[in-house]
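The values are calculated or read from the model by the stated rules, or taken from the named source; none is laboratory data. From a predicted model like this one, the values you see are computed outputs, not experimental measurements. FYI the Cβ positions are ideal-geometry reconstructions off the backbone, even for glycines, and counts take in every protein chain you see. To get the accessible areas, we keep the full protein, side chains included, count just its heavy atoms, and leave off ligands, DNA and RNA. Shrake-Rupley method; radii C 1.70, N 1.55, O 1.52, S 1.80 Å.
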Amino acid sequence: MDIMEAMQARHSVRSYTDKPIEGETLEMLEKTIDECNRESGLHIQLVRNEPMAFGGGLAHYGKFADVKNYLALVGKKDKQLDEQCGYYGEKIVLAAQTLGLNTCWVGLTFKKVPDAFTITDGEKLVVVIAIGYGVTQGAARQSKTGLGPFSKVDLGIVKYHFELGSGKDRMLWL
Ligand SMILES: Cc1cc2nc3c(=O)[nH]c(=O)nc-3n(C[C@H](O)[C@H](O)[C@H](O)COP(=O)(O)O)c2cc1C
């Protein structure tokens with residue numbers, strides 16, 4: 001699956017199997033995260049085998065079930081931070097889809113587990129993204145309308161999709 005196919009195939013997934021992220025898949029995912037961090041200056045971290053953010057041993061946590069891995073989208077407090085997290089988070093989300101992984105962006109319905117990842121001075125956590133092997137591949141839903149607390153993150157996500165669709169690069173926005 002290439003990145004354009006990933007864009008079509010990817011839907012949010014909230015229930016996960018026990019299959020761990022490991023081997024070549026883990027290496028490729030970490031490589032993508034490193035590249036995004038290097039390019040953006042963000043401090044995105046992959047947290048693995050940490051179920052407490054999504055209810056620990058509970059079978060269900062809100063709409064989520066068995067989330068054990070997530071990306072913590074951390075970066076320096078700045079007015080561009082939310083949009084940057086949207087842009088680079090989506091880049092990782094679509095790369096993950098090409099690796100056979102599923103994802104769900106999560107702004108509100110998770111618990112912040114302080115020791116699971118690092119937030120240094122001047123940084124903050126913007127959102128997390130649940131990641132792993134989904135029980136299903138999810139399904140298309142009607143897009144939501146209206147502004148919300150994560151509108152700038154949404155803008156970053158949309159900008160990345162627009163670049164892929166238009167064949168332009170990041171220079172488009174400068
Ligand atoms: C920035 C952001 C924050 C989100 N926060 C939550 C959340 O707290 N809880 C949740 O269940 N889904 C959350 N979502 C997932 C959306 O509800 C989901 O993207 C939407 O249902 C559309 O589905 P799709 O991703 O399959 O297109 C969030 C999505 C985004 C982009």
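Along region 90-106 the Karplus relation, 6.51 cos²θ - 1.76 cosθ + 1.60 evaluated at θ = phi - 60°, assigns HN-Hα couplings of 5, 4, 6, 4, 6, 4, 4, 4, 5, 8, x, 9, 10, 8, 8, 5, 9 Hz to successive residues, with x for each Gly and Pro. Output the relative contact order of the chain, whole-number percent, from Cα pairs under 8 angstrom with separation of 6+ residues. Worked out over the chain, it gives 32 percent.
The order of the peptides 151-162, 28-39 by mean Cβ neighbours within 10 Å, most packed first, is 151-162, 28-39.
Annotation: amide H-H contacts under 5 Å for TYR61 (H modelled 1.01 Å from N, sequence separation of 5 or more, or interchain): ASP66.
The HN-Hα couplings worked out from phi for region 123-130 by the Karplus form 6.51 cos²θ - 1.76 cosθ + 1.60 (θ = phi - 60°) are 9, 8, 8, 8, 8, 10, 10, 5 Hz, whole numbers, x standing for Gly and Pro.
Structure remark: mean-square fluctuation, Gaussian network model of the chain, C-alpha springs under 10 Å; the largest value among ALA116, ALA72, ALA96 belongs to ALA116.
For region 22-112, a/c is not less than 1.5, where a ≥ b ≥ c are the root eigenvalues of the C-alpha gyration tensor, and a/b does not top b/c. That puts it in the oblate class.
Split the accessible area of the chain by element, probe 1.4 Å, and carbon with sulfur accounts for 53%. Note on the chain: with a GNM built from Cα contacts shorter than 10 Å, the maximum mean-square fluctuation among SER40, SER143, SER15 falls on SER143.
Rolling a 1.4 angstrom probe over the protein heavy atoms, how many square angstrom per residue are accessible across the chain?
Numbers: 9720 Å² over 174 residues.
With the other protein chains kept in place, the chain gives 56 Å² per residue.
Summing Cβ point charges (Lys, Arg +1; Asp, Glu -1) relative to the Cα centre of the chain gives a dipole of roughly 660 debye. With the helix formula -39500 (n - 2.57) applied to DSSP H stretches of n ≥ 4, the chain reaches a computed 222 nm mean residue ellipticity of -11000 deg cm²/dmol.
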